[in-house]
Structure formats: C-alpha cells, structure tokens
Amino acid sequence: PFVEDLYGYRYVENVLVDRSKFGTSTDWGLHASGKLADGLINYAVSAVNGNGYKNPSRSQGIDLEGRVNVNVDHFVVGVGGYTGKLGKDVQGVTTFHTANRFDAVAAYKSDNIRLGVEYFHATDWTNVLTPVSDSSEGYGLFGSYRFSPKISVFGRYDWVKPSKDVNAKLNDDYFNLGVSYSPIDTIDLALVYKREKAQD
C-alpha cells in the first residue's frame, strides 16, 4: 500500500514487485506500522506466512518484511527488504534456499504531479525448492499529471530481469499510457494502452 499510494494507479496495474511476482501486496501475519519525528520517518514491519493472502496455509517458518521511509515536503525516499521461504517450508519438503529481496523507491507527489522510480534486487525468489541459485532485478518509472480535478494523464515503464544467472538473456519490458476521468470522487475511469514483451 505504501508504493501503491505514491503511484496512484493500482486499479490500472500493480506496482513493480507485485506485477512481476517478486512480492505480494498483502499476506497473512502480524503487521505493525508507525511514524516517528512528526511524520518525517515512517516504518512498517511484518511477520507473515509467505504464501500471500490467497493461500492462508501454514508453514514451519515465518517470513519477515520491513520498510523505512523519509518524507520531506513532497519528496519520499524509502528502502525495504524481505527474507523467508515464501511458505514453501512445509513438512516433507526440502528447501535449498531462502528468498531475499531488497527494495527502494524515490518519489515526488503533489496535488497535480506524481513522479517516481522503483528498484528491487532478489536472490533465490524462484529457487527456494531447487539446488540451483539465481538472482533477479528490476526497475520501474511512473508519472502522472492532473490537468483538472477530473482529468489526468499517466504512464509507467517496468524493466525486469527475472533470472540473471540461470537464463541471463531473458528480459521483460512493460509499459502503459493512459488518461483517466473522475466524474465523482468515488469513481475513476481510464482509457489505457498496455504493452508487455518478454525477450529471449
């Protein structure tokens, strides 16, 4: 929800980590968040099962996720991380690796303008159950401009290398461009062009 709020267009497309399946927006577990120094610093920590909210089954371990960000005027910079077995450490199953992910985001958010960049680096996210080790990384750029209280234009670009070691040639490129119209506060309509291309 933190990055989704900066981005503002979750109803059009998930944010980078969620869209590329290197994380989920929600999970079952214990979550805590708060503010320090009159809102200058925000934090969030979670102990979760790692399966995502669609699969509430139990595993033998607990995954940990956390984030800290600094807010100065309209600027936000945040870093976070994740470590765990992604809910795969169940009885009778051998896990060879622990999945780890580092995240970073920097954004500018005002009443009319949103600009941001995301980055992640993950190790063994898709290799918890296999002896082979692998790493992944990706970045995303997003922006929008509101011409009036009802009309905005927006776009984003994501580049992901899902397998840097096992399938180093594979790249995933995604972008969208659109215009949104909000006739009333509770309704958003959008006309969007999306394109995703996996190469090699």
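The values are calculated or read from the model by the stated rules, or taken from the named source; none is laboratory data. This one's a predicted model, so the numbers in the text were calculated from it and none came from an experiment. Using ideal geometry, Cβ is built from the backbone for each residue, glycine included, and neighbour counts are taken over all protein chains shown. Just the protein is used for accessible areas: all its heavy atoms, side chains included, with ligands, DNA and RNA removed. Shrake-Rupley method; radii C 1.70, N 1.55, O 1.52, S 1.80 Å.
Quick check on PHE147: is it modelled with pLDDT under 95, among the hydrophobic types (A, V, I, L, M, F, W, C) and open to solvent by 50 Å² or more (accessible area, probe 1.4 Å)? Can you show your working first?
Values: modelled with pLDDT under 95: yes; among the hydrophobic types (A, V, I, L, M, F, W, C): yes; open to solvent by 50 Å² or more (accessible area, probe 1.4 Å): yes.
Here the answer is yes, as PHE147 does meet what is asked.
Of all the residues that make up segment 151-186, how many are acidic (Asp, Glu) and in contact (Cβ under 8 Å) with a residue 60 or more places away in the chain?
Initial filter on segment 151-186 (acidic (Asp, Glu)): 158, 165, 172-173, 185.
This time we only want the ones that are in contact (Cβ under 8 Å) with a residue 60 or more places away in the chain, so: 158, 172.
Number satisfying all stated conditions: 2.
Among the residues of segment 38-81, write down those that are touching a Leu at 6+ places or on another chain (Cβ under 8 Å) and hydroxyl-bearing (Ser, Thr, Tyr).
Scanning segment 38-81 gives TYR43, SER46.
Residue by residue through segment 2-18, note down the ones that are open to solvent by 30 Å² or more (accessible area, probe 1.4 Å) and farther than 15 Å from VAL76 by Cβ.
Scanning segment 2-18 gives ARG10, TYR11, GLU13, ASN14.
Consider PHE102 carefully, then state whether it is open to solvent by 20 Å² or more (accessible area, probe 1.4 Å) and out of contact with any Leu (no Cβ under 9 Å at 6 or more places or on another chain). Show your work before the answer.
Values: open to solvent by 20 Å² or more (accessible area, probe 1.4 Å): yes; out of contact with any Leu (no Cβ under 9 Å at 6 or more places or on another chain): yes.
Judged against the criteria, PHE102 is a match.
Contact list please: Cβ distance under 7 Å, first residue in segment 62-81 and in contact (Cβ under 8 Å) with a residue 40 or more places away in the chain, second residue aromatic (Phe, Trp, Tyr) and in a strand (DSSP E or B), pairs at least six apart or on different chains.
ARG67/TYR43
For LEU129, only one of the following conditions fails: (1) within 19 Å of THR24 (Cβ to Cβ); (2) assigned to a strand (DSSP E or B). What is its number?
(2)
Take segment 107-121 and flag every residue that is open to solvent by 40 Å² or more (accessible area, probe 1.4 Å) and either free of Cβ contacts under 8 Å to residues at least 40 places away in the same chain or of a type in the set (Phe, Trp, Tyr) (or both). Write out each step before concluding.
Filtering segment 107-121 for residues open to solvent by 40 Å² or more (accessible area, probe 1.4 Å) gives 108-109, 111-115, 117, 119, 121.
TYR108, ASP111, ASN112, ILE113, LEU115, VAL117, TYR119, HIS121 - these are the residues of segment 107-121 that are open to solvent by 40 Å² or more (accessible area, probe 1.4 Å) and either free of Cβ contacts under 8 Å to residues at least 40 places away in the same chain or of a type in the set (Phe, Trp, Tyr) (or both).
Show the residue pairs that are 6+ apart or on different chains and have beta-carbon atoms under 6 Å apart, the first residue being within segment 20-43 and closer than 22 Å to TYR119 by Cβ, the second being assigned to a loop (DSSP other than H, G, I, E, B).
PHE22/TRP125; THR24/GLY52; THR26/TYR53; ASP27/GLY52; ASP27/TYR53
May I ask you to say which residue of VAL72, VAL45 is modelled with pLDDT of 90 or more, open to solvent by 60 Å² or more (accessible area, probe 1.4 Å) and over 28 Å from ASP111 (Cα atoms)?
Numbers: VAL72 fails: over 28 Å from ASP111 (Cα atoms).
VAL45 is the lone residue from the list that is modelled with pLDDT of 90 or more, open to solvent by 60 Å² or more (accessible area, probe 1.4 Å) and over 28 Å from ASP111 (Cα atoms).
Please verify whether VAL90 is among the hydrophobic types (A, V, I, L, M, F, W, C) and more than 26 Å from GLY140 (Cα to Cα), treating the condition exactly as stated.
Values: among the hydrophobic types (A, V, I, L, M, F, W, C): yes; more than 26 Å from GLY140 (Cα to Cα): yes.
Criteria met by VAL90.
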